[in-house]
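K.L.:
Quick one: the structure is below, questions incoming.
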Amino acid sequence: MSDGHLDLVTSAEAIAAIVRATRRIAVLGIKTEQQRDQPAFYVPEYMLRAGYDIVPVPVYYPEVTEILGQKVYRAISLIPGRVDMVNVFRRSQDIPPHLPDILSARPKVVWFQLGIVNDEAALTLARAGIQVVQDRCLLVEHRRLR
């Protein structure tokens, strides 16, 4: 694709289509049950209850082997099988070090949660043919579909 901007998703219709088409979500920066009051835990928990396959990829908590009853992976590229979406719970400035891992996993979509915007990282992903959603809450967008 010559123009990466084509994969920067902003329309409500395109976001709804992504949410409907997604089945398997790797959650980069997921928190543990100990932090259940934080969005990086309760958003993936909600999505799991809604029927999505959640694959935890925590950045911290090296001793944790399971979150939400699911096996933890330390890198997106180590997850066996296809990942439809990488749901990112990292500060905007902390995203660039994860780009090589995300790019090697080739997800269909990378979703930066509400408050997370990194235009340079988004453009890098879009140029690789990966759809990018920035500054949106997956839980909120899923609830809009109901």
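The values are calculated or read from the model by the stated rules, or taken from the named source; none is laboratory data. Just so you know, these numbers come straight off a predicted model, no measurement behind them. Note that we place each Cβ from the backbone using ideal geometry, even for glycine, and neighbour counts take in every protein chain shown. Ligands, DNA and RNA are stripped out before the accessible areas are found, and what is left, the full protein with its side chains, is counted by its heavy atoms. Shrake-Rupley method; radii C 1.70, N 1.55, O 1.52, S 1.80 Å.
K.L.:
Tell me yes or no: at least one residue of the range 7-15 is modelled with pLDDT under 95, assigned to a loop (DSSP other than H, G, I, E, B) and either closer than 17 Å to Arg144 by Cα or touching a helix residue (DSSP H, G or I) at 6+ places or on another chain (Cβ under 7 Å) (or both).
P.N.:
Among the residues of the range 7-15, at least one is modelled with pLDDT under 95, assigned to a loop (DSSP other than H, G, I, E, B) and either closer than 17 Å to Arg144 by Cα or touching a helix residue (DSSP H, G or I) at 6+ places or on another chain (Cβ under 7 Å) (or both), which makes the answer yes.
K.L.:
Residues in the range 58-78 that are open to solvent by less than 10 Å² (accessible area, probe 1.4 Å) and either free of Cβ contacts under 8 Å to residues at least 12 places away in the same chain or more than 15 Å from Val109 (Cβ to Cβ) (or both): how many?
P.N.:
Residues in the range 58-78 being open to solvent by less than 10 Å² (accessible area, probe 1.4 Å) and either free of Cβ contacts under 8 Å to residues at least 12 places away in the same chain or more than 15 Å from Val109 (Cβ to Cβ) (or both): 2 in total.
K.L.:
Follow-up question, since we're still on this one. Does the range 89-146 hold any residues that are touching a His at 6+ places or on another chain (Cβ under 8 Å) and part of a helix (DSSP H, G or I), and which are they?
P.N.:
Leu123, Ala126
K.L.:
Can you name every residue in the range 34-44 that is crowded, with 20+ Cβ neighbours inside 10 Å and out of contact with any helix residue (DSSP H, G or I) (no Cβ under 8 Å at 6 or more places or on another chain)?
P.N.:
Within the range 34-44, Ala40, Pro44 meet the criteria.
K.L.:
Please go through the range 79-88 and give me each residue that is open to solvent by less than 50 Å² (accessible area, probe 1.4 Å) and either at positive phi or assigned to a strand (DSSP E or B) (or both), ordered by number.
P.N.:
Met85, Val86, Asn87, Val88
K.L.:
Counting only residues that are in contact with a Lys or Arg (Cβ under 7 Å, 6 or more places away or on another chain) and of a type in the set (A, V, I, L, M, F, W, C), how many does the range 26-56 have?
P.N.:
Adding up the residues that qualify gives 4.
K.L.:
Kindly evaluate Leu139 against the criterion of being under 14 Å from the mean Cα position of the chain (by Cα) and open to solvent by less than 30 Å² (accessible area, probe 1.4 Å).
P.N.:
In short, yes.
K.L.:
Would you call Pro107 surrounded by fewer than 17 Cβ atoms within 10 Å (Cβ to Cβ) and more than 18 Å from Gln38 (Cβ to Cβ)?
P.N.:
Criteria not met by Pro107.
K.L.:
Based on this model, can you work out whether Leu99 counts as open to solvent by 10 Å² or more (accessible area, probe 1.4 Å), within 12 Å of Leu138 (Cα to Cα) and modelled with pLDDT of 95 or more?
P.N.:
No, not satisfied.
K.L.:
Here's something else I'd like to know. Please specify each residue of the range 32-55 satisfying the condition of being in a loop (DSSP other than H, G, I, E, B) and of a type outside the set (Ser, Thr, Tyr).
P.N.:
Hits for the range 32-55 are Arg36, Asp37, Gln38, Ala50, Gly51.
K.L.:
Can you find a residue in the range 19-30 that is touching a residue at least 40 places away in the same chain (Cβ under 8 Å), of a type in the set (Val, Ile, Thr), crowded, with 16+ Cβ neighbours inside 10 Å and assigned to a helix (DSSP H, G or I)?
P.N.:
Yes, some residue in the range 19-30 is touching a residue at least 40 places away in the same chain (Cβ under 8 Å), of a type in the set (Val, Ile, Thr), crowded, with 16+ Cβ neighbours inside 10 Å and assigned to a helix (DSSP H, G or I).
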